[in-house]
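J.: Below is a structure I'd like to ask you about.
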Amino acid sequence: MLRTLTKLIIITVVLSSTAYASNRLYSDNTLTPTNGLYLDINMGLGYLLEDSYLIGVNVKDGVELLNVNVFASYGNWYLDADRSQLSGGWIVGYSAIEHSNWDLDVIVTQAQDGFDEKGFNLYNSDEIPQLKGITQRAFDVTGGLRLSRRFGDNQASLELLQDISSTHNGWIVSTFYSKIIPWQNWEFRTGLGINIYSRDFTNYYFGISPKEQRVDRPVYRPKSAMSVVYEFHAEYPLNENWIFLAGWMTTWFSQQIYRSPIVVQNYQHKAKIGVRYVF
């Protein structure tokens, strides 16, 4: 049985040479029911530039040594880990309803990265003076419903998510509209999203407790907040296996977030350039 399963995985990977791990926010995602087991893996290298909203975190750049994208599905279940696009992430889901280009899924995913006195990079050995004394904020795991509709190269989606990791016990409502634009050998992807965060979410990540208070960091208890996200992504096939990619993503935050003493600006920019290898 194990030998048969291994052969099936190998055959599937070989046969899927033209496919790639998908991003759920775009219409060509493959988060649909499959017959049996399906597996697609690709990897790449990228140069990342980030202008963070977190105070004391300077513009950072670096090379991603290994960027692995994985998509696996079995029947109505799927796992998707996409790091090729800036809006990517990981998701585990179950396709509950699929009808007339409408999809309703039950999903589990991560909504927010954690940070501490060293910023988002938990492996950095240097503390950031402006963040010294704050309590660590953990990354969350959320679960809920995802409703989406595809029409041609366009997709609109709505996600209702609740923290299931007891990190902040808050909820997030996310909407996203995306469009894929083919042009000659290029493929352009653009999308606009709106995220609404509950008070528990906002207070956990951006609030300041009396324990964290200091002269230049007063107590802060924000209410519910929102953000607006815009992404532009471009891909170009260099040959049969290598794909060039570049992307830009900007997030704007409402005043309940950017007025936090640990937030330095009301926006965050991310840019990425790299290559992806498709088996």
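The values are calculated or read from the model by the stated rules, or taken from the named source; none is laboratory data. Note that this is a predicted model, so its numbers are computed, not measured. Neighbour counts are summed over all protein chains in view; Cβ atoms, including those assigned to glycine, are modelled from backbone coordinates with ideal geometry. Protein only, heavy atoms only, side chains kept; ligands, DNA and RNA dropped before computing areas. Shrake-Rupley method; radii C 1.70, N 1.55, O 1.52, S 1.80 Å.
J.: Restricting the search to the range 216-227, which residues are at pLDDT 95 or above and either part of a strand (DSSP E or B) or open to solvent by 10 Å² or more (accessible area, probe 1.4 Å) (or both)?
T.: Step one: filter the range 216-227 for residues at pLDDT 95 or above, giving 217-227.
Passing the criteria: Arg217, Pro218, Val219, Tyr220, Arg221, Lys223, Ser224, Ala225, Met226, Ser227.
J.: Sticking with this one: When only residues in the range 97-141 that are aromatic (Phe, Trp, Tyr) and under 23 Å from Leu49 (Cα atoms) count, which is modelled with the lowest pLDDT? Talk me through it step by step, then tell me what you get.
T.: Keep residues of the range 97-141 that are aromatic (Phe, Trp, Tyr), which gives 102, 115, 120, 123, 139.
This time we only want the ones that are under 23 Å from Leu49 (Cα atoms), so: 115, 120, 123, 139.
Values: Phe115: 93, Phe120: 83, Tyr123: 52, Phe139: 95.
Only one residue tops the list, namely Tyr123.
One line per residue, one yes/no per condition, for (1) among the basic types (Lys, Arg); (2) in contact with a helix residue (DSSP H, G or I) (Cβ under 9 Å, 6 or more places away or on another chain); (3) modelled with pLDDT of 95 or more:
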position: Glu240; (1), (2), (3): no, no, no
position: Ile243; (1), (2), (3): no, no, no
position: Arg259; (1), (2), (3): yes, yes, yes
position: Ile262; (1), (2), (3): no, yes, yes
position: Lys270; (1), (2), (3): yes, no, no
position: Gly274; (1), (2), (3): no, no, no
position: Val278; (1), (2), (3): no, no, no
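J.: Moving on. Report whether or not Tyr230 is assigned to a strand (DSSP E or B), in contact with a Ser or Thr (Cβ under 7 Å, 6 or more places away or on another chain), open to solvent by 50 Å² or more (accessible area, probe 1.4 Å) and touching a residue at least 24 places away in the same chain (Cβ under 8 Å).
T.: Yes; evaluated as a whole, the condition is true for this residue.
J.: Can you work out which of the residues in the range 50-107 that are among the acidic types (Asp, Glu) and farther than 30 Å from Ile257 by Cβ is least open to solvent (accessible area, probe 1.4 Å)? If you could, list the steps in order and put the result at the bottom.
T.: Within the range 50-107, the first condition is being among the acidic types (Asp, Glu), and the residues that meet it are 50-51, 61, 64, 80, 82, 98, 103, 105.
Now drop any that are not farther than 30 Å from Ile257 by Cβ, which leaves 98, 103.
Values: Glu98: 108, Asp103: 7 Å².
Filtering the range 50-107 for residues that are among the acidic types (Asp, Glu) and farther than 30 Å from Ile257 by Cβ, the one least open to solvent (accessible area, probe 1.4 Å) comes out as Asp103.
J.: Taking the range 249-270 as the region of interest, how many residues are in a strand (DSSP E or B), closer than 17 Å to Gly193 by Cβ and open to solvent by less than 60 Å² (accessible area, probe 1.4 Å)? Let's see the steps before the verdict.
T.: Within the range 249-270, the first condition is being in a strand (DSSP E or B), and the residues that meet it are 249-253, 263, 267-270.
Checking which are closer than 17 Å to Gly193 by Cβ leaves us with 249-253, 267-270.
Those still in the list that are open to solvent by less than 60 Å² (accessible area, probe 1.4 Å) too: 249-251, 253, 268-270.
Of the residues in that region, 7 qualify.
J.: Let me ask another. Return yes or no: is Ile273 over 19 Å from the mean Cα position of the chain (by Cα), β-branched (Val, Ile, Thr) and part of a strand (DSSP E or B)? Before the answer, list the steps.
T.: Working: over 19 Å from the mean Cα position of the chain (by Cα): no; β-branched (Val, Ile, Thr): yes; part of a strand (DSSP E or B): yes.
It is false that Ile273 is over 19 Å from the mean Cα position of the chain (by Cα), β-branched (Val, Ile, Thr) and part of a strand (DSSP E or B).
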